[in-house]
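What follows is a short report on a single structure.
The values are calculated or read from the model by the stated rules, or taken from the named source; none is laboratory data. The structure presented is a predicted model; accordingly, all values stated were derived computationally and were not measured. Neighbour counts run over all protein chains shown; Cβ positions are idealised from the backbone, glycine included.
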Amino acid sequence: MQNILDDVVRAGFAISKGFDIKKFIASLIEQLFDITGAHLVCFYSAEEHRARLLYHRGRYTIPEIFSIEQDPFDFVLESGETVVLTEKKPSPFLLHPSMNSGIIAPIKSERRIYAFVVLNSTQPDFFTRTRLRFIETISKLAGEYFHNTILHNRLRDYTRKIQNLEIYQKNIFTSMSNLLITTDITGAIQYFNQAAALRFNLSQEHLGKNIIDIFKTGMGKKMRTLLESSIHEGVGIVAAEGIYQNGNDEMDFSLTASPLISRRNKREGLTLIFTDQSRERELEKKVKTVKEERRLIKDMFSLYVSQEIASRIVANPGLIHLGGDKREATVLFADIRGYTSFSEGRDPAYIIQILNEYFSQAVEIVLRHHGYIDKFIGDCIMAAWGVPLKSETEDARLAVSCALEIQSMVKDPQRNFFKGEAKKLAIGIGIHTGPLVAGNIGSIQRVDYTMIGDTVNVAARLEGVAGPGEIVITEDTRNHLGLDFKVAKKRPVKVKGKSEALKIYRVMKKVG
């Protein structure tokens, strides 16, 4: 029996060194089953108010969970002793009706019972004194292994947590833009972050060296004296300003120093934080420049696009390319028919009033459809979709929808413009989709964000083809509309600058 016990101890110790609780439990039960000859060997965890089966050997069906607030489990929990049942009696630890004797031994440490080992046999008086001593010895060893395993796992988890915190702390220090250095109570450098290493030209060789000696050539005497006093007396420094010279590189800095205090209120050194004010001023200048650029962009576009598009441009200036950018866009020209004859001989102030009343409402429709007001050419509005933001698949549909709404507004008998002598005025609209160049055009004294290219010219020529109340589009625009609009084919038209006649369509209404 002693040789068997030695084998069990060695096996248990080998498993517990691996600190795998599941393997340890399995090995323990397998060995008890093989060595004792019991018909049932089970390992139950001792949880609050219940026992839960973790591992067993034997061909009998046994309970997975049962209450431990009953004899003999409550006795084992209170006393920590092993209980033996030599003959068949009603008892919860005879786990099957075929069992006639049993033993329950606690797996425990000095302070806690972790589990129970329950052995059953179909034979009465199976668990003799020899078997009892053997099982108690094994359960005691198992309790120690179990306890050590739990402690090891806790220590491992705690160590991993500390390592993660150290890595996290190191990452914070590394990512700091401020220059961080810590010293011991003598002024010897204990740590510096990456920013300090780069700015002060520090390396691992400087660890343990006195910070005053390192700053002897690059820092002024007044600042070195202040720093030395802080190190020796353990007093803080608040926003002291100085200059650090490293060859031709000069840094204007602000220094804040705080004593390092242990949990026992013992002074351990200093934490020094240098703020690179030269770099901060440079960043402030860049931020100011960016803000000014965004203000200019906002001023440039806020009167010509919807607030939604203006906000997107200001938030993402990269969406536009100042200076010229090739893109696909849809261009609309809307001209007042009968304007020339109407304006002849009339007061200019009255003419401007008529135009402004119409423009104010037409422009609102363009902006509501996310268009860009490029310019007003006399009595004509030039608008575009796809600029200044990048072109989208909906550009042509938005442009045609906008044109239909303008014509509907003009034809409305309840309109509040084109009244009196201007009541016969109408609108002709031309729309074309194609490539163009959009960007800032002008001189140093004045620039204007506009569009140039063949697409603009075709749209302008097409507006001249459109009759009063008509919307005329090219086939290029038609191809973007799908089945959402009803159009009527018109006779191809020859326009200036094109060798072949253009296929054109009249937009009737929106059906989608």
Name the strands (runs of 3 or more DSSP E) wholly inside the range 22-89 in which the number of residues that are in contact with a His (Cβ under 8 Å, 6 or more places away or on another chain) is 3 or more.
40-47
Quick test for you: out of Leu270, Leu226, Leu260, pick the one residue that is more than 15 Å from Ile189 (Cα to Cα) and either in a strand (DSSP E or B) or at pLDDT 85 or above (or both).
Leu226
Got at least one residue in the range 166-187 being modelled with pLDDT under 75, not in a helix (DSSP H, G or I) and not hydroxyl-bearing (Ser, Thr, Tyr)?
yes
Say we look at the range 196-216 and pick out the residues that are touching a strand residue (DSSP E or B) at 6+ places or on another chain (Cβ under 8 Å) and touching a residue at least 24 places away in the same chain (Cβ under 8 Å); which of these is surrounded by the fewest Cβ atoms within 10 Å (Cβ to Cβ)?
Asn201
Filter the range 337-393 down to the residues that are aliphatic (A, V, I, L, M), under 49 Å from the mean Cα position of the chain (by Cα) and more than 23 Å from Gly469 (Cβ to Cβ) and list them by number.
Val387, Leu389
Scanning the range 388-437 residue by residue, those in a strand (DSSP E or B), in contact with a Phe, Trp or Tyr (Cβ under 7 Å, 6 or more places away or on another chain) and modelled with pLDDT under 90 turn out to be none
Residues that are touching a residue at least 40 places away in the same chain (Cβ under 8 Å): find the strands (runs of 3 or more DSSP E) completely inside the range 462-512 holding 2 or more of those.
471-474, 504-510
Based on what the data block shows, is Ile138 in a helix (DSSP H, G or I) and either in contact with a helix residue (DSSP H, G or I) (Cβ under 8 Å, 6 or more places away or on another chain) or within 19 Å of Ala38 (Cβ to Cβ) (or both)?
yes
For the range 61-84, the count of residues that are exposed (fewer than 15 other Cβ atoms within 10 Å of the Cβ), farther than 13 Å from Val117 by Cα and either touching a residue at least 40 places away in the same chain (Cβ under 8 Å) or of a type outside the set (S, T, N, Q) (or both) equals 8
List every residue pair whose Cβ atoms sit under 8 Å apart, with the two residues 6 or more apart in sequence or on different chains, where the first one lies in the range 98-111 and is part of a loop (DSSP other than H, G, I, E, B) and the second, anywhere, is of a type outside the set (Lys, Arg) and crowded, with 24+ Cβ neighbours inside 10 Å.
Met99/Asn120
Verdict on Ala362 being of a type in the set (Gly, Ala, Ser) and not in a strand (DSSP E or B):
yes
Scan (1) in contact with a helix residue (DSSP H, G or I) (Cβ under 7 Å, 6 or more places away or on another chain); (2) part of a strand (DSSP E or B); (3) of a type outside the set (Lys, Arg) for the single condition His370 breaks and write down its number.
(2)
